[in-house]
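The values are calculated or read from the model by the stated rules, or taken from the named source; none is laboratory data. Every value quoted in this text rests on a predicted model; they were computed, and no experiment measured them. Cβ atoms come from the backbone with ideal geometry, glycine included; neighbour counts cover every protein chain shown. In case anyone asks, the SASA skips ligands and DNA or RNA and just uses the protein heavy atoms, side chains included. Shrake-Rupley method; radii C 1.70, N 1.55, O 1.52, S 1.80 Å.
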There are 2 protein chains.
Amino acid sequence: MVTTDRSNPSGAQSTQTTPLAGLQVIELSSFVAAPLGGMTLAQLGAEVIRIDPIGGGPDQHRWPITNDGASLYWAGLNKGKRSVTVDLRAEPGRDLVRQLVGSCAPGTAVVVTNSAGQDWLSYDELRRYQADLIHVQVHGHSDGTPAVDYTVNAEMGFPLVTGPANHADPVNHVLPAWDIACGLYVATGVAAATRHRELTGEGCKLTIALSDVALAMAGNLGMLAEAEVTKVQRPRIGNYLYGSFARDFSSVDGRRFMVVALTRRHWRDLLTVTETQVAVSALEDALGVDFSREDDRYEYREALAGLFDRWFSRCTSAEVEAALSATALLWAPYRTFTDVVAHLGTSAGKNPIVEQIDQPGIGSYLSPGSPLVQDGRPVRARPAPLLGTDTYPVLTERLGLQREELSRLRSAGVLPEQ
Amino acid sequence: MVTTDRSNPSGAQSTQTTPLAGLQVIELSSFVAAPLGGMTLAQLGAEVIRIDPIGGGPDQHRWPITNDGASLYWAGLNKGKRSVTVDLRAEPGRDLVRQLVGSCAPGTAVVVTNSAGQDWLSYDELRRYQADLIHVQVHGHSDGTPAVDYTVNAEMGFPLVTGPANHADPVNHVLPAWDIACGLYVATGVAAATRHRELTGEGCKLTIALSDVALAMAGNLGMLAEAEVTKVQRPRIGNYLYGSFARDFSSVDGRRFMVVALTRRHWRDLLTVTETQVAVSALEDALGVDFSREDDRYEYREALAGLFDRWFSRCTSAEVEAALSATALLWAPYRTFTDVVAHLGTSAGKNPIVEQIDQPGIGSYLSPGSPLVQDGRPVRARPAPLLGTDTYPVLTERLGLQREELSRLRSAGVLPEQ
């Protein structure tokens, strides 16, 4: 296993094994997908330098923010990276980026970008500076036209089947799920390409479009095939589970619980805990159906949920939790983000992938490392850099630029104030 | 670049470069996360054998289904794999799995599983058969207790901020976003671990919990930090965009459009196209605000949307599309899944990652390959296998089992009918 200091620019203690140690990622990114891709590579041991325009990119102040206006979003998506800022509109700044790409040792360079329409950042340009470069371009649409999670989601069918059954309008997701999937595809693609480069010495150009990610997933889940093959317009069914039985229920004190019965055992347990065996059995006989079958319980979901609801609505949340805990059922209480944070502070909720970090510019708070755990050792959370904080050290270490040259570049507006 | 026939069990023509060619993945999986992880590895060139119990796993009939009951979901998530079924409850069946793991060449074996509580499938057991094994265990929670996307989502805060502002109850997502992210983490982890194995000769044990994926992303996006640092309970704001301006609008003929204004240019274009410059400017003066700032336009989002709405509600959808197309705005029409399929059939909607495949047991329909495109060559969709169809060929090719032995195993119920 390789342990490396390079992967640990924040200086925190590390005993991690780092499968992508030695990889040098240059990231020109904004918002979620490309930054998450870079951060995931950092969590696997790569050194990642995010390069922004002086003053920051379009996501520098993205909400959620602190009361002082610092972006908790930016801090969350750039953990464990180094931050360099240069004037990216002018040739001398662009040349510094090219030189940084060129300064990587053979077999190590990766560029990740979602900048659109920037020819100087293209694979064909940058490979002139690093022959075995792995280059990832994130697009909105595959033709290079822009798109964001919110527009891609509208185009792909999901908002029209999300939300209460009696609601007529689209319901957008709050989680930018397509951005997240796209960012993880970036990390997958780079990791696979590095293996290939180790074996063959060859780099490659990877492209991925946010809208293609959504299209592929709508297809992978059978949703497009359903529309095409069965001509069924998938209905909007609130919090029920399509083709099986699941729903949210409320206890007498107003706490809500999600309850899922996928297997025969789950189903038996749900009837037992809600004391509905006799009624459900009578229904089965009268209707000539078999509720141990998922499709039958989906068909009669409202009637069944109406029976179960009576038990939930007369139990306190403590009684519901105690009773469900004694079964094999899949269930969970609904939590707000505030509840999630409070739960992490309890002994039952303590989680080794989350710990208190000291985030420059913001302060101390709980922050997650990677959910991917190798050989039982979680990858610890590391703070994000302050914007531009590594500009001078990186240019000195990587390009050997001396004080006078740096000073000249600063005076010319190519570099930020120190 | 490596081109391989192994990656192409369906026999379709392939000229793909395949970064994970030669990798031998044994998958014991169900539902979304682990199968998607395996399929993503297959799309990168790995040979993937999914092993199920005889008759299929719990996801064999998962909806969406055809009118004949064939699962479009299963077909979508197992494309390009081979399918083997054996009796996994009995020792002889388990021994075939171990032998398959043992039969891989050094440096090639990967096991991906989400089977819970199966000690015989653990890393410590299986590495006895393959010393440099890469083994991925997908859990519900990191302590090994079960969870599914629907319960993880309830626990993680998102359903309480999704949906119409006036809606009191949780709104679950229909897209199993946590499963998708988890599956892509599996692929990322395996790809990174294979590079490490190429360099060091060492395998590893990877674990990932669905609930940790959700927790990490809620943290990465700043949602947990917001609750902890600012004590702000994030509000439910329907289809508005938190901290900036976006919303859905309806044309006079009832088509809906998602419109996003992130930058100053977007904002200018939105005012121009909706002919609201004068009114918005008067509002700015009267209120002492600056709507070129994202936070100001978020604060007054309802008033602003009310002004824009008047333009949308007097335009036809064709007029809206023509007008928005002439701007830099980010926008999209809302589509049903049926609309998405229809759009794929138009010249504007044609997409190289989607093509007609002939799916055994179902028929011909549009199916996506991978959204990750290497060197400009899309990874084509391949059909999923019929359940168990590769059982006898795989046992013969890999383990050298002869007709008599196979016949004995079938008679003993270890293998399915041929």
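Of note:
- Selection status of A:Asp124, closer than 23 Å to A:Gly388 by Cβ, assigned by TED's automatic domain parsing to the domain that holds A:Gly22 and not in a loop (DSSP other than H, G, I, E, B): no
- The range A:367-394, subset in a strand (DSSP E or B) and open to solvent by less than 10 Å² (accessible area, probe 1.4 Å), residue farthest from the other protein chains (Cβ to nearest Cβ): A:Ser367
Yes/no matrix, rows are residues, columns are (1) in the same structural domain as B:Leu307 (by TED's automatic domain parsing); (2) more than 15 Å from B:Ala323 (Cα to Cα):
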site	(1), (2)
B:Ala225	no, yes
B:Gln233	no, yes
B:Tyr240	no, yes
B:Phe249	no, no
B:His266	yes, no
B:Val280	yes, yes
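- Scanning the range B:200-214 for residues that are open to solvent by 10 Å² or more (accessible area, probe 1.4 Å) and facing chain A (nearest Cβ under 7 Å) returns B:Thr200, B:Glu202, B:Lys205, B:Thr207.
- Subset of the range A:159-173 [free of Cβ contacts under 8 Å to residues at least 40 places away in the same chain, hydrophobic (A, V, I, L, M, F, W, C) and at the interface with another protein chain (Cβ under 7 Å from one of its Cβ atoms)]: A:Val171
- Among (1) part of a loop (DSSP other than H, G, I, E, B); (2) among the polar types (S, T, N, Q); (3) open to solvent by 60 Å² or more (accessible area, probe 1.4 Å), the one test that A:Ser364 misses: (1)
- Residues of the range A:178-199 that are more than 7 Å from chain B (Cβ to nearest Cβ) and of a type outside the set (Gly, Ala, Ser): A:Trp178, A:Asp179, A:Cys182, A:Val186, A:Val190, A:Arg197.
- Exclusive hit being more than 7 Å from chain B (Cβ to nearest Cβ) and not in a strand (DSSP E or B), set A:Gly243, A:Gly219, A:Gly254: A:Gly254
- Of all residues making up the range A:361-403, the number that are among the acidic types (Asp, Glu) and either in contact (Cβ under 8 Å) with a residue 40 or more places away in the chain or not assigned by TED's automatic domain parsing to the domain that holds A:Met39 (or both): 2
- Candidates B:Pro64, B:Pro35, filtered to the one that is farther than 15 Å from B:Leu386 by Cβ and either among the aromatic types (Phe, Trp, Tyr) or free of Cβ contacts under 8 Å to residues at least 40 places away in the same chain (or both): B:Pro64
- Residue match in the range A:131-147 (condition: over 29 Å from A:Ala216 (Cα atoms) and either of a type in the set (A, V, I, L, M) or outside the structural domain of A:Leu206 (by TED's automatic domain parsing) (or both)): yes
- Residues in the range B:222-240 that are more than 7 Å from chain A (Cβ to nearest Cβ) and more than 23 Å from A:Gly163 (Cα to Cα): B:Lys231, B:Val232.
- Subset of the range A:341-352 (residues that are facing chain B (nearest Cβ under 7 Å) and surrounded by fewer than 24 Cβ atoms within 10 Å (Cβ to Cβ)): A:Asn351
- Among (1) more than 18 Å from B:Gly222 (Cβ to Cβ); (2) in contact with a strand residue (DSSP E or B) (Cβ under 7 Å, 6 or more places away or on another chain), the one test that A:Cys315 misses: (2)
- Matching residues in the range B:28-64 - criterion: being within 11 Å of another protein chain (Cβ to nearest Cβ), hydrophobic (A, V, I, L, M, F, W, C) and surrounded by fewer than 24 Cβ atoms within 10 Å (Cβ to Cβ): B:Phe31, B:Trp63
- Every residue from the range B:69-96 that is touching a residue at least 12 places away in the same chain (Cβ under 8 Å), out of contact with any Phe, Trp or Tyr (no Cβ under 8 Å at 6 or more places or on another chain) and open to solvent by 20 Å² or more (accessible area, probe 1.4 Å): B:Ala70, B:Arg82, B:Asp87, B:Leu88, B:Arg89, B:Ala90, B:Pro92
- Residue in the range B:277-286 that is open to solvent by less than 20 Å² (accessible area, probe 1.4 Å), at pLDDT 95 or above and not in a helix (DSSP H, G or I) present: no
- Contact map, the range B:136-158: first residue at the interface with chain A (Cβ under 9 Å from one of its Cβ atoms), second residue among the basic types (Lys, Arg) and open to solvent by 30 Å² or more (accessible area, probe 1.4 Å), Cβ cut-off under 6 Å, separation 6 or more or different chains; pairs are B:Glu155/A:Arg335; B:Gly157/A:Arg335.
- Output for the range B:404-418, where each listed residue is farther than 20 Å from B:Leu386 by Cα and either in contact (Cβ under 8 Å) with a residue 12 or more places away in the chain or among the hydroxyl-bearing types (Ser, Thr, Tyr) (or both): B:Ser407, B:Leu409, B:Ser411, B:Ala412
- Here A:Leu270 fulfils each of the conditions (1) outside any loop (DSSP other than H, G, I, E, B); (2) open to solvent by less than 20 Å² (accessible area, probe 1.4 Å); (3) within 11 Å of another protein chain (Cβ to nearest Cβ) apart from (3).
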